[in-house]
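Reading through the C-alpha cells given below for one structure.
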Amino acid sequence: MIRNWSTATGRTLRAIRTSPAPMTYALIALCCLVFVTGPASGLNPAYGSGDALLAAQRAYFRHWGVVPADLFDGPAREALTPITALFVHGSWVHLLGNMLFLYVFGAMTEERMGRVQFTLFYVCCGYLALLGYAAANATAEQSLVGASGAISAVLGAFLYLFPGARVTSLLPFLFFLPLRFPAWVVLPFWVALQWLAAGRAPQGPGVAYLAHLVGFSLGFVFAWVRFGRATRVKAAPATPASEGENQP
C-alpha cells in the first residue's frame, strides 16, 4: 500500500511539473491532501469516530479556519487564518465543487498571468475575500473555511481575460442538459445567483456568498488594471465547466 501511495504521489508530482499550469494543479493537490488527512474526510482513524470525530472537526475548523470574532479581537496568529482557511474544506461536496471550478478556470488564467503572479493573486484575493466576509460578520463565532473566495477571484479574472471562451454549463432548470455559452454569459449569471443568495441569506455564517462576490470583484478589477484592454482575449479555446447547484 505504501508503495502504491508513493507511486501515485510521484506521478502526481511529475504531472504538476510538466503541466503548463503547475500551480493550479499544485493548489488542487494540496487542498485534496489537507482534506484527506484531516478530520472532515472521515478517512483518518486518528480522529476517532462518532462524537469524538465531530469534536475533532469543530476544533480543527476553529484552529485553521476564520472565526470573525477572533480575527479582530483575538491573538495575532488569527491574522494568518484567512490564508490557512483557503486550504481547508468542510465536506467532500465542498472540496469537489471548489476543485472543479479551480480546475476548469485556473489553468488558462495561470497561463496568462504566469506561475508566480497567479499564486500571489490567488492567495491575496482569497485572503481579502475572507477578510471582507469576516468584517461584515465581525461578531460571528462560527468558523469559515474553504477556497471559495480565491476561486471566485479566478472566475473574475477569467471573465475579463477570456470573455469569449465557451463553457459547457449544466443548468438544473433545463434538466441538466449540457449547453455551451460564452464566459460573458455564464459567469455574470453565476454572480447574479450569488448576489440573490447573499440577499436572502440569514445574518451570520453559512455559505459565504459575500466572500464569493468580494473575490470575484477583486479578480475582475485586478485583471482589468494589470492587463488592460490591449491584452484582453476576445475568443479562447473551448473550456468545459459545470454550472449548477455546486457553487464555489
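The 1.4 Å probe gives accessible areas that order LEU33, LEU27, largest first, as LEU33, LEU27. Given R0 = 30 Å, the distance between the Cβ atoms of ALA69 and VAL225 translates into a calculated FRET efficiency of 0.35.
Quick one: order HIS94, HIS212, HIS63 from most to least accessible surface, probe 1.4 Å. Present the calculation step by step, with values, prior to reporting the outcome.
On the way: HIS94 50, HIS212 5, HIS63 85 Å².
Final ranking, largest accessible area leading: HIS63, HIS94, HIS212.
For ARG58, the accessible surface of its heavy atoms amounts to roughly 150 Å² (probe 1.4 Å, protein chains only, rounded to the nearest 10).
Figure note: SER91, SER152 ranked by solvent-accessible area, largest first, 1.4 Å probe, ligands and nucleic acids not counted: SER91, SER152.
The values are calculated or read from the model by the stated rules, or taken from the named source; none is laboratory data. Predicted model only: the values in this text are computed from it and were never measured. Reconstructed Cβ throughout: ideal geometry from the backbone, glycine too, with neighbour counts over all protein chains shown. Keep in mind that these areas ignore ligands, DNA and RNA; they rest on the heavy atoms of the full protein, side chains included. Shrake-Rupley method; radii C 1.70, N 1.55, O 1.52, S 1.80 Å.
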